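K.L.:
Below you will find the structure I want to go over with you.
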Amino acid sequence: MKRLWMVFLCLVCVGAPLLPAAAQSTPRHVIIDTDPGTDDALAILLALNSPEFKVEALTVVPGNVIAKQGLENALKIVSLANRCDIPVAGGAQHPLNQKLITAEFWHGENGLANIELPASKCKADPRFGPDLIIELVHKYPHEITLIPIGPLTNIALAVSKDPSIASLVKEVVIMGGSISGGNVNAVSEANIYNDPEAASIVFNAGWPSLTMVGSDIGERTLFTRKNLQEIESAPGPESNLVAGIARFLLDLGAKYGDVGTAMYDPLAVGVALDPSVVTTKPMRVDVETRGEFTRGETVANRRLAIERNVLHGDRYWIEGLDSVQPNTNVCVGSNAKKFLNMFVSRIKGK
């Protein structure tokens, strides 16, 4: 007994693990809702190469490309990663109340930087994406991290059909929105602009935790040619795809004076992996759905207060302030170096 006790103390002293890694940390259940999409592909590969995650499903929404192309792209990505065990399900075919806007201009004709991947060995799951989300949330109550990195149509359909899932999800990390200007126009970010009505439903659904990783933060987290060289130094099927996509995006951005490519969707996955890669502030976020110049804007109340106007005769008097409750943890800064080190180290040689 004395000898066993001394061995135990020695193991503790040298820092040797007393249990297998899998027993020390159970991977978190994750659903990624995606419109692949160049940066979606990078985000998916980051998630698949992160042992902290057990990706339970990819659900596909139209956005960067039409729904059919997005589903094909998602299947090719999981096939490339030899992950046909992951259900990949199609969802909505169009936004709730407007025509679809696709972004082949930014993503290439096939959405994947015009890179032709091998035909997928994986088959699409026959379930409807929003129904699959509902099913998995009930299967793993309070355990699902939901990461929507496209327009929010599928999430809105799911929570509208079954409002109970809002309280059963562990957390939601959205790539979308902005509090300091848009990437579609002066104020609106692409994912929110592509379905503002869906976004309004999602932001007001009452999740236990909702984090908004806006385009303004993605644009402060730039993948550069130096990062590309690191990826290229360790070739492999997945890292070759990442390098090809990054090269396409860097060359495209250079035409407009960009010195790097914004890591929009991968950063959202990074935040779900390690919240310390960003700083956040609680705010009340609403989505503008009617403005002529502001449709799709994520309107953030930073002060968590509004003036109370009371009618007196022919005018209103300001009589004080009423507080409002935050519904979103809004990212206001990022540790770009920390995130990029995470991304590159997990993709190299894959």
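K.L.:
Go through the residues of the range 227-234 one by one and say whether even a single one is farther than 25 Å from Ala81 by Cβ, in contact with a helix residue (DSSP H, G or I) (Cβ under 9 Å, 6 or more places away or on another chain) and either modelled with pLDDT under 95 or small (Gly, Ala, Ser) (or both).
P.N.:
Here is the first cut: in the range 227-234, the residues farther than 25 Å from Ala81 by Cβ are none.
There is no residue in the range 227-234 that is farther than 25 Å from Ala81 by Cβ, in contact with a helix residue (DSSP H, G or I) (Cβ under 9 Å, 6 or more places away or on another chain) and either modelled with pLDDT under 95 or small (Gly, Ala, Ser) (or both).
K.L.:
Same structure again: Collect the residues in the range 56-82 that are not hydrophobic (A, V, I, L, M, F, W, C) and not in a helix (DSSP H, G or I), keeping them in residue-number order.
P.N.:
We begin by selecting, within the range 56-82, every residue not hydrophobic (A, V, I, L, M, F, W, C); these are 56, 59, 62-64, 68-70, 72-73, 76, 79, 82.
Correct list: Glu56, Thr59, Pro62, Gly63, Asn64, Asn82.
K.L.:
Do the conditions hold for Gly206, that is, is it buried (at least 23 other Cβ atoms within 10 Å of the Cβ), out of contact with any Lys or Arg (no Cβ under 7 Å at 6 or more places or on another chain) and in a loop (DSSP other than H, G, I, E, B)?
P.N.:
On the way: buried (at least 23 other Cβ atoms within 10 Å of the Cβ): no; out of contact with any Lys or Arg (no Cβ under 7 Å at 6 or more places or on another chain): yes; in a loop (DSSP other than H, G, I, E, B): yes.
No.
K.L.:
Right, here's the next one. Tally up the residues in the range 272-310 that are among the aliphatic types (A, V, I, L, M) and within 20 Å of Gly206 (Cα to Cα), please. Quick ask: steps written out before the conclusion?
P.N.:
Our first condition is that a residue be among the aliphatic types (A, V, I, L, M); within the range 272-310, this holds for 272-273, 277-278, 283, 285, 287, 299-300, 304-306, 310.
Still in the list and also within 20 Å of Gly206 (Cα to Cα): 272, 283, 285, 287, 299-300, 304-305.
Qualifying residue count for the region: 8.
K.L.:
A follow-up question, please. Between a residue in the range 178-196 that is within 12 Å of Leu152 (Cα to Cα) and any residue that is surrounded by fewer than 21 Cβ atoms within 10 Å (Cβ to Cβ) and small (Gly, Ala, Ser), which pairs come within a Cβ distance under 7 Å, given they are 6 or more apart or on different chains?
P.N.:
As it stands, the answer is Ala190/Ala103, since those pairs meet every condition given.
K.L.:
Please verify whether the range 52-59 includes one or more residues that are small (Gly, Ala, Ser) and touching a residue at least 60 places away in the same chain (Cβ under 8 Å).
P.N.:
The initial filter retains those residues of the range 52-59 that are small (Gly, Ala, Ser), namely 57.
Among the residues that remain, those that are also touching a residue at least 60 places away in the same chain (Cβ under 8 Å) are: 57.
Yes: one or more hits.
K.L.:
Within the range 99-115, is there a residue that is of a type in the set (Gly, Ala, Ser) and in contact with a strand residue (DSSP E or B) (Cβ under 8 Å, 6 or more places away or on another chain)? Break it down into steps so the answer makes sense when it comes.
P.N.:
Taking the range 99-115 first, the residues of a type in the set (Gly, Ala, Ser) are 103, 108, 111, 113.
Filter again for in contact with a strand residue (DSSP E or B) (Cβ under 8 Å, 6 or more places away or on another chain), leaving none.
Within the range 99-115, none of the residues are of a type in the set (Gly, Ala, Ser) and in contact with a strand residue (DSSP E or B) (Cβ under 8 Å, 6 or more places away or on another chain).
K.L.:
Taking the residues in the range 209-231 that are assigned to a loop (DSSP other than H, G, I, E, B) and not β-branched (Val, Ile, Thr) as candidates, determine which candidate is surrounded by the fewest Cβ atoms within 10 Å (Cβ to Cβ).
P.N.:
Per the stated criteria, the residue is Ser209.
K.L.:
Another question about this same structure. Please specify each residue of the range 84-114 satisfying the condition of being closer than 15 Å to Asp35 by Cα and either in contact (Cβ under 8 Å) with a residue 60 or more places away in the chain or in contact with a His (Cβ under 7 Å, 6 or more places away or on another chain) (or both).
P.N.:
The initial filter retains those residues of the range 84-114 that are closer than 15 Å to Asp35 by Cα, namely 88-95, 100-113.
Once the filter is applied, which keeps residues that are closer than 15 Å to Asp35 by Cα and either in contact (Cβ under 8 Å) with a residue 60 or more places away in the chain or in contact with a His (Cβ under 7 Å, 6 or more places away or on another chain) (or both), the range 84-114 yields Gly91, Ala92, Pro95, Leu100, Ile101, Ala103, Trp106, His107, Gly108, Gly111, Leu112, Ala113.
K.L.:
Quick one: in the range 174-194, which of the residues that are under 12 Å from Val330 (Cβ atoms) and among the β-branched types (Val, Ile, Thr) is surrounded by the most Cβ atoms within 10 Å (Cβ to Cβ)? Working first, answer last.
P.N.:
Taking the range 174-194 first, the residues under 12 Å from Val330 (Cβ atoms) are 174, 176-180.
From what's left, among the β-branched types (Val, Ile, Thr): 174, 179.
On the way: Ile174: 30, Ile179: 23.
Residue satisfying both the conditions and the ranking: Ile174.
K.L.:
Can I ask one more? Filter the range 214-237 for residues that are in contact (Cβ under 8 Å) with a residue 24 or more places away in the chain and among the basic types (Lys, Arg); which is nearest to Val285 (Cα to Cα)? Full working, then the answer.
P.N.:
Step one: filter the range 214-237 for residues in contact (Cβ under 8 Å) with a residue 24 or more places away in the chain, giving 214-225, 227, 230-231, 233-237.
Applying the additional criterion that residues be among the basic types (Lys, Arg) yields 220, 225.
Details: Arg220: 21, Arg225: 35 Å.
The residue in question is Arg220.
K.L.:
Looking at the range 1-54, which of the residues that are hydroxyl-bearing (Ser, Thr, Tyr) and over 30 Å from Thr261 (Cα atoms) is modelled with the highest pLDDT?
P.N.:
In the first step, residues of the range 1-54 are kept if they are hydroxyl-bearing (Ser, Thr, Tyr); the result is 25-26, 34, 38, 50.
Okay, now just the ones that are also over 30 Å from Thr261 (Cα atoms), so 25-26.
Working: Ser25: 79, Thr26: 93.
Restricting to residues being hydroxyl-bearing (Ser, Thr, Tyr) and over 30 Å from Thr261 (Cα atoms), the top hit is Thr26.
The values are calculated or read from the model by the stated rules, or taken from the named source; none is laboratory data. This is a predicted model, so every value here is computed, not measured. Cβ coordinates were reconstructed from backbone atoms using ideal geometry, including for glycine residues, and neighbour counts include every protein chain displayed.
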